[in-house]
Amino acid sequence: MVGLVGVLALGFWGVGCGGSQPTATQAPGAGGAGAPGVASGDTDGAAPGHAAPGDSSAKPTGARPPDFELDTLDGKRVRLSDHLGKDVVLIDFWATFCDPCLAAMPHLDEIYQKYRGRGFVVLGVSIDGPDALGLVRTEVSKLRVTFPILLDTETRVVGLYNPKTSAPYSVLIGRDGRIITKKEGYVTGDADTLEKDIAAAVAR
């Protein structure tokens, strides 16, 4: 899966992994029923936009993000709306079979550690299927990621933000609860651009 959004260049490497998950972990599809999480549509009533394949440029929007609630890797529940209005939030859609995603995560964690004390939160949303939970744990441990890892095993949440379910894909949300930028794919230097956007957002 290639090309999720994210200012942080969550798409690391050059473009991303786009497409669908391997058959063994293929989810029913974006918006399908039976997902363990709860998701709701964009509060502005507009469908979230998405970048073209291989497009690593950030997309300013100003729209309100769809709310959602998912289980975390450590057994907790996280709802996006609990952070809206007080934190700057980066949603990072990733997968264990996406090399650019894995390459980006250590950089995201560095930024998370640097700004978390100023009200910055990273929500790493895994779009791996339910059979890949062990692999998700292994990769997170290996990469020493410290931000919360959410499990979107039915790809319902990524379907709200990026119907193509491409990865990496990131969404940066300001303290006012509106989307600042969306990003699909990754190229060298994206992490620096992302950090500048985050620094500006937390300073507001």
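The values are calculated or read from the model by the stated rules, or taken from the named source; none is laboratory data. Just so it is clear, the structure is predicted and the values come from calculations on it, not from any experiment. Because the Cβ atoms are built from the backbone with ideal geometry, glycine has one as well, and the counts that use them run over all protein chains shown.
Miscellaneous remarks
- Residue within segment 151-161 that is over 19 Å from LEU70 (Cα atoms) and among the hydrophobic types (A, V, I, L, M, F, W, C) present: no
- Verdict on ASP152 being within 18 Å of SER81 (Cβ to Cβ), among the acidic types (Asp, Glu) and surrounded by 22 or more Cβ atoms within 10 Å (Cβ to Cβ): yes
- Of all the criteria given as (1) closer than 17 Å to GLU69 by Cβ; (2) over 11 Å from the mean Cα position of the chain (by Cα); (3) in a helix (DSSP H, G or I), the one not satisfied by GLY177 is (3).
- Contacts under 9 angstrom Cβ, first residue in segment 71-88 being modelled with pLDDT under 95, partner among the acidic types (Asp, Glu) and surrounded by fewer than 16 Cβ atoms within 10 Å (Cβ to Cβ), 6 or more apart: GLY85/ASP176
- Looking only at segment 97-116, residues that are over 21 Å from ARG137 (Cβ atoms) and in contact with a strand residue (DSSP E or B) (Cβ under 6 Å, 6 or more places away or on another chain) come to 0 in all.
- Failed criterion for LYS182 (all others in (1) modelled with pLDDT of 95 or more; (2) under 21 Å from PRO65 (Cα atoms); (3) buried (at least 20 other Cβ atoms within 10 Å of the Cβ); (4) of a type outside the set (S, T, N, Q) hold): (1)
- Exactly one residue out of THR155, THR138 is among the polar types (S, T, N, Q) and under 20 Å from VAL89 (Cα atoms): that is THR155.
- Criterion (among the small types (Gly, Ala, Ser), at pLDDT 95 or above, in contact with a strand residue (DSSP E or B) (Cβ under 7 Å, 6 or more places away or on another chain) and farther than 23 Å from GLY189 by Cα) met by exactly one of GLY119, GLY124: GLY119
- In segment 148-187, the residues that are aromatic (Phe, Trp, Tyr) and closer than 13 Å to ALA104 by Cα: TYR169, TYR186
- Criterion (out of contact with any His (no Cβ under 7 Å at 6 or more places or on another chain) and surrounded by 20 or more Cβ atoms within 10 Å (Cβ to Cβ)) met by exactly one of PRO130, PRO168: PRO168
- Residues of segment 189-203 classified as closer than 15 Å to ASP87 by Cβ, small (Gly, Ala, Ser) and under 17 Å from the mean Cα position of the chain (by Cα), total: 0
- Meets criteria (aliphatic (A, V, I, L, M) and closer than 20 Å to ALA199 by Cβ) for VAL157: no
- Members of segment 89-107 that are at pLDDT below 95, outside any loop (DSSP other than H, G, I, E, B) and either surrounded by 17 or more Cβ atoms within 10 Å (Cβ to Cβ) or of a type in the set (S, T, N, Q) (or both): PRO100, CYS101, LEU102, ALA103, ALA104, MET105, HIS107
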